[in-house]
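Just so it is clear, none of the values below were taken in a lab; they were calculated from the coordinates. All of these numbers come straight from a predicted model, not from anything done at the bench. So basically every Cβ, Gly included, is an ideal-geometry build from the backbone, and we count neighbours across all protein chains shown.
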Amino acid sequence: MIKKITHIIVLSCRKATQLIEKKLHTELSARERVQLKLHKGICDACTLYEKQVVFIEKILKKDSTTPTTEQTIPDKDVQDLQAKIIRSIEK
Amino acid sequence: MESRENNTTISLTIKQWVANYTEPLLSWATYKLSDKELAADLVQDTFLIAVQSFDKFKGDSEPKTWLISILNNKIIDHYRKQARSATIFVKEDIFFNEHGEWREESRPQHWDIDNTHLLDDTEFIKILRKCMSKLPAAWSSAMQLKYLQEKDGKEICQDLGITQSNFWQILCRAKLQVRACIEKNWFIK
């Protein structure tokens with residue numbers, strides 16, 4: 001029972017992680033901001049979690065725009081595809 | 001007669017583009033989709049669209065830029081289709097207990113990320129990509145959409161026809177899983 005009441009005020013970790021995710025993509029409401037702040041005040045795990053997902057998000061974003069790993073496509077695959085495309089254009 | 005000449009010019013230009021840009025387009029698509037066959041199909045579609053809408057091509061942009069933008073739209077379409085089927089149904093919550101608290105075995109551990117250059121560490125990126133590939137296709141599609149489009153999350157939800165809270169929950173489950181996977185495979189070995 002006490003746990004239930006605490007969770008209404010300072011959120012459960014499950015709910016806190018959802019707000020952390022939402023915060024990455026859009027703005028939180030004033031109420032959500034306060035709830036999340038209070039929760040992190042008492043929860044080290046979620047504080048760590050936020051730091052780590054912000055880091056993951058940063059890497060994913062960077063990786064999405066500028067490939068970090070080289071994709072080498074075998075020459076033969078490229079040539080086959082080129083031939084296929086030319087055939088389909090000429091149809 | 002004139003239009004035939006015109007068609008020949010278009011055909012020659014496009015053939016030149018096929019010769020020049022198939023490789024970079026295929027490389028980009030393979031990278032974005034992690035699926036060789038699908039990547040090849042979408043590159044082929046890209047050139048067919050280029051032929052059909054050649055008159056929309058403005059000479060002031062690079063052909064490659066124009067082709068990439070067509071290809072990106074195809075990739076986004078693909079992810080959008082997949083993400084539409086995303087559900088957050090989870091049989092058993094491996095991260096949280098019945099009170100919504102972290103399960104002991106799932107609590108985030110400390111990562112040493114302050115003084116490292118993991119952003120440029122290809123080994124780390126490989127692990128990250130491997131962890132992403134373990135997600136259900138619909139979940140990773142939802143994530144990819146977010147990075148491919150310069151759009152607010154709200155707009156993406158409208159596109160997909162899903163509620164915002166549903167979308168955050170899907171992304172959150174995906175992030176929980178990727179985070180745990182990275183921790184297990186990189187930080188706490």
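Compute the orientation-averaged projected area for the range A:20-91 from the convex hull of its Cα atoms and round it to one decimal in nm².
Here the figure is 8.6 nm², rounded to one decimal.
If amide hydrogens are placed 1.01 Å from N in the peptide plane, which non-local residues have theirs closer than 5 Å to the one on B:Phe96?
B:Arg103
Tell me the GluC sites (Glu not before Pro) within the range B:69-135 that lie in a loop according to DSSP and have at most 11 other beta-carbon atoms within 10 Å.
Here the GluC sites (Glu not before Pro) that fit, given the DSSP loop and packing criteria, are B:Glu92, B:Glu98.
Please report Rg (one decimal) and Dmax (integer) in Å for the Cα set of the protein assembly as shown.
Just the Cα atoms of the protein assembly as shown yield Rg and Dmax of 22.7, 85 Å.
So how compact is the range B:67-178: Cα radius of gyration and Dmax in angstrom?
Rg and Dmax of the range B:67-178, Cα atoms, are 16.1, 51 Å.
With θ set to phi - 60° and the Karplus curve 6.51 cos²θ - 1.76 cosθ + 1.60, what are the ³J(HN,Hα) couplings of the range B:159-170 in order, to the nearest whole Hz, using x for Gly and Pro?
Result, ordered by residue: 4, 7, x, 10, 6, 4, 5, 4, 5, 4, 5, 5 Hz.
Trypsin sites (Lys or Arg not before Pro) within the range B:47-119: which are DSSP loop residues with at most 11 other Cβ atoms inside 10 Å?
For trypsin sites (Lys or Arg not before Pro) across the range B:47-119 that sit outside H, G, I, E and B with at most 11 neighbouring Cβ atoms in 10 Å, the list reads B:Lys58, B:Lys91.
What percent does the relative contact order of the range A:7-91 come to when contacts are Cα pairs within less than 8 Å and at least six residues apart?
Averaging sequence separation for qualifying contacts and normalising by length gives 27 percent for the range A:7-91.
Pick from A:Ile56, A:Ile73, A:Ile20: which is most flexible by mean-square fluctuation in a GNM of chain A where alpha carbon atoms under 10 Å apart are linked?
Its mean-square fluctuation being the largest, the pick is A:Ile73.
Enumerate the calculated ³J(HN,Hα) couplings along the range B:128-141 in order (Karplus 6.51 cos²θ - 1.76 cosθ + 1.60, θ = phi - 60°), each rounded to whole Hz, writing x wherever the residue is Gly or Pro.
Values, residue by residue: 4, 5, 5, 5, 5, 6, 7, 6, x, 3, 5, 5, 5, 4 Hz.
When the gyration tensor of the range B:1-75 is built from Cα positions, what are the square roots of 5 times its three eigenvalues, in whole Å, from largest to smallest?
24, 12, 10
Taking DSSP loops as anything outside H, G, I, E and B, show the longest stretch in chain A free of GluC sites (Glu not before Pro) there with at most 16 other beta carbons within 10 Å.
Longest stretch, sites excluded: A:28-69.
Percent relative contact order of chain B, based on C-alpha pairs within less than 8 angstrom and at least six residues apart?
Dividing the mean separation by the residue count of chain B yields 21 percent.
Using the eigenvalues of the Cα gyration tensor, what equivalent ellipsoid semi-axes result for chain B when each is taken as the square root of five times the eigenvalue, whole Å, largest first?
41, 20, 13
Can you give me the distance in nm between label points at B:Ser85 and B:Arg103, each placed 7 Å from the Cα along the Cα-to-Cβ direction?
With each label placed 7 Å out from Cα toward Cβ, I get 2.7 nm.
Once you have the Kirkwood Rh of the range B:138-177 from its Cα pairs, apply Stokes-Einstein at 37 °C and 0.692 mPa s and quote D in µm²/s.
Once the numbers are plugged in, D ends up at 327 µm²/s.
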